[in-house]
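J.: Before I ask anything, here is the structure I am working with.
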Amino acid sequence: MLVAERTISLAVLFVLTVLDGTWATLIVRELLTGPKRFTELRVALPGISPKTLSSRLQRFVLTGLVTRTAYPEIPPRVEYELTEAGARLQVVFDAMAAWAEQDLPRN
(Lines give C-alpha, C1' and ligand atoms only; values in the text may rest on other atoms or scores of the structure.)
Protein backbone atom coordinates (compact mmCIF):
# COMPACT_ATOMS: atom_id res chain seq x y z
CA MET A 1 0.00 0.00 0.00
CA LEU A 2 1.31 3.42 -0.92
CA VAL A 3 1.73 6.07 1.75
CA ALA A 4 -0.93 8.27 0.11
CA GLU A 5 -3.43 5.39 0.05
CA ARG A 6 -2.72 4.65 3.70
CA THR A 7 -3.16 8.32 4.64
CA ILE A 8 -6.50 8.44 2.84
CA SER A 9 -7.57 5.24 4.56
CA LEU A 10 -6.67 6.64 7.99
CA ALA A 11 -8.48 9.90 7.26
CA VAL A 12 -11.63 8.06 6.16
CA LEU A 13 -11.40 5.81 9.22
CA PHE A 14 -11.24 8.89 11.47
CA VAL A 15 -14.30 10.44 9.79
CA LEU A 16 -16.24 7.20 10.18
CA THR A 17 -15.22 7.03 13.84
CA VAL A 18 -16.42 10.59 14.50
CA LEU A 19 -19.70 10.00 12.64
CA ASP A 20 -20.20 6.55 14.17
CA GLY A 21 -23.67 5.47 15.17
CA THR A 22 -27.18 6.05 14.01
CA TRP A 23 -27.63 9.50 15.48
CA ALA A 24 -24.39 11.24 14.54
CA THR A 25 -25.22 12.03 10.93
CA LEU A 26 -28.80 12.95 11.85
CA ILE A 27 -27.58 15.45 14.45
CA VAL A 28 -25.21 17.01 11.91
CA ARG A 29 -28.06 17.11 9.37
CA GLU A 30 -30.19 19.11 11.82
CA LEU A 31 -27.34 21.50 12.61
CA LEU A 32 -26.69 22.14 8.91
CA THR A 33 -29.81 24.33 8.93
CA GLY A 34 -28.40 26.57 11.68
CA PRO A 35 -27.86 26.77 15.45
CA LYS A 36 -30.15 24.71 17.62
CA ARG A 37 -30.90 24.38 21.30
CA PHE A 38 -30.74 20.97 22.95
CA THR A 39 -34.54 20.73 23.15
CA GLU A 40 -34.92 21.66 19.48
CA LEU A 41 -32.61 18.81 18.56
CA ARG A 42 -34.56 16.38 20.76
CA VAL A 43 -37.82 17.37 19.06
CA ALA A 44 -36.27 17.08 15.59
CA LEU A 45 -34.87 13.62 16.40
CA PRO A 46 -37.70 11.59 17.92
CA GLY A 47 -36.41 8.56 19.75
CA ILE A 48 -33.01 9.91 20.73
CA SER A 49 -32.36 9.79 24.45
CA PRO A 50 -31.05 12.89 26.24
CA LYS A 51 -27.95 10.90 27.26
CA THR A 52 -27.17 9.91 23.66
CA LEU A 53 -27.74 13.42 22.33
CA SER A 54 -25.58 14.94 25.05
CA SER A 55 -22.81 12.40 24.45
CA ARG A 56 -22.78 12.97 20.68
CA LEU A 57 -22.78 16.75 21.06
CA GLN A 58 -19.89 16.55 23.54
CA ARG A 59 -17.93 14.39 21.09
CA PHE A 60 -18.60 16.86 18.27
CA VAL A 61 -17.45 19.77 20.44
CA LEU A 62 -14.24 17.91 21.33
CA THR A 63 -13.50 17.09 17.67
CA GLY A 64 -14.13 20.68 16.57
CA LEU A 65 -17.26 20.03 14.51
CA VAL A 66 -19.66 21.90 16.81
CA THR A 67 -19.47 24.90 19.09
CA ARG A 68 -21.45 25.10 22.32
CA THR A 69 -22.46 28.57 23.39
CA ALA A 70 -23.96 29.08 26.86
CA TYR A 71 -25.77 32.39 27.38
CA PRO A 72 -25.88 33.87 30.90
CA GLU A 73 -29.66 34.08 31.07
CA ILE A 74 -32.34 32.78 33.36
CA PRO A 75 -33.36 30.19 32.45
CA PRO A 76 -30.00 29.19 30.97
CA ARG A 77 -29.82 28.97 27.18
CA VAL A 78 -27.30 26.82 25.33
CA GLU A 79 -26.99 26.66 21.55
CA TYR A 80 -25.09 24.22 19.39
CA GLU A 81 -23.78 25.26 15.99
CA LEU A 82 -21.57 23.65 13.37
CA THR A 83 -18.10 25.10 13.00
CA GLU A 84 -16.77 25.79 9.50
CA ALA A 85 -15.30 22.28 9.53
CA GLY A 86 -18.64 20.83 10.57
CA ALA A 87 -20.50 22.76 7.88
CA ARG A 88 -18.15 21.31 5.25
CA LEU A 89 -19.68 17.91 6.02
CA GLN A 90 -22.52 19.00 3.72
CA VAL A 91 -20.22 18.19 0.78
CA VAL A 92 -19.50 14.75 2.26
CA PHE A 93 -23.20 14.05 2.78
CA ASP A 94 -23.99 15.20 -0.77
CA ALA A 95 -21.31 12.87 -2.16
CA MET A 96 -22.64 9.98 -0.09
CA ALA A 97 -26.19 10.64 -1.31
CA ALA A 98 -25.06 10.79 -4.94
CA TRP A 99 -23.16 7.53 -4.54
CA ALA A 100 -26.16 5.85 -2.88
CA GLU A 101 -28.51 7.04 -5.63
CA GLN A 102 -26.20 5.72 -8.32
CA ASP A 103 -24.72 2.57 -6.82
CA LEU A 104 -26.88 1.09 -4.07
CA PRO A 105 -29.57 -1.44 -4.99
CA ARG A 106 -33.16 -0.26 -4.60
CA ASN A 107 -34.84 -3.22 -2.92
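The values are calculated or read from the model by the stated rules, or taken from the named source; none is laboratory data. Note that the structure is a prediction, hence the values are computed from the model and not measured. Counting neighbours? That spans all protein chains shown, and the Cβs are built from the backbone with ideal geometry, glycine included. Ligands, DNA and RNA are stripped out before the accessible areas are found, and what is left, the full protein with its side chains, is counted by its heavy atoms. Shrake-Rupley method; radii C 1.70, N 1.55, O 1.52, S 1.80 Å.
J.: Solvent-accessible area per residue for the chain at a 1.4 Å probe radius, Å²? Don't jump to the answer; show the numbers that get you there.
T.: On the way: 7640 Å² over 107 residues.
That works out to 71 Å² for each residue.
J.: When the accessible area of the range 2-104 is split by element with a 1.4 Å probe, what percent falls to carbon and sulfur? Each step should come with its number before you reach the end.
T.: Numbers: 4360 of 7010 Å².
The nonpolar share, carbon plus sulfur, comes to 62 percent.
J.: Could you give the nm distance between label points at Glu40 and Ala85, where each point is 7 Å from its Cα heading toward the beta carbon?
T.: With each label point 7 Å from Cα toward Cβ, the separation is 2.3 nm.
J.: For the residue pair Leu62 and Leu16, what label-to-label distance in nm results when each label sits 7 Å from Cα along the Cα-to-beta-carbon direction?
T.: For the pair Leu62/Leu16, the computed spacing is 2.1 nm.
J.: Over the chain, what is the mean sequence separation of C-alpha contacts under 8 Å (at least six apart), divided by residue count, expressed as relative contact order in percent? Spell out each step's value before the answer.
T.: Values: 77 pairs, mean separation 25.4, N = 107.
Averaging sequence separation for qualifying contacts and normalising by length gives 24 percent for the chain.
J.: Could you rank the peptides 32-38, 9-15, 97-103 by their average count of other C-beta atoms within 10 Å per residue, with the highest value first? Don't skip to the end; give the middle numbers.
T.: Values: 32-38: 13.1, 9-15: 10.6, 97-103: 9.0.
Ranking, from highest mean packing down: 32-38, 9-15, 97-103.
J.: Can you list which of the DSSP-assigned H helices in the chain have a Cα extent of 18 Å or more along the long axis and an average Kyte-Doolittle score of at least 1.6? It would help to have the intermediate numbers written out before the result.
T.: Details: long enough: 3-18 (23 Å, 1.81); 50-63 (20 Å, -0.19); 89-103 (21 Å, 0.38).
Correct list, ordered by number: 3-18.
J.: Right, another one. Grab the other residues whose beta carbon is less than 13 angstrom from that of Leu62, score K and R as +1, D and E as -1, and report the net. Write down the numbers at each step before the final one.
T.: Numbers: positive: Arg56, Arg59, Arg68; negative: none.
Cβ neighbours under 13 Å give a net charge of +3.
J.: Something else now. Given the peptides 71-81, 43-53, arrange them by the average over their residues of other C-beta atoms within 10 Å, most packed first. Don't jump to the answer; show the numbers that get you there.
T.: Numbers: 71-81: 10.5, 43-53: 12.8.
In decreasing order of mean packing, 71-81, 43-53 become 43-53, 71-81.
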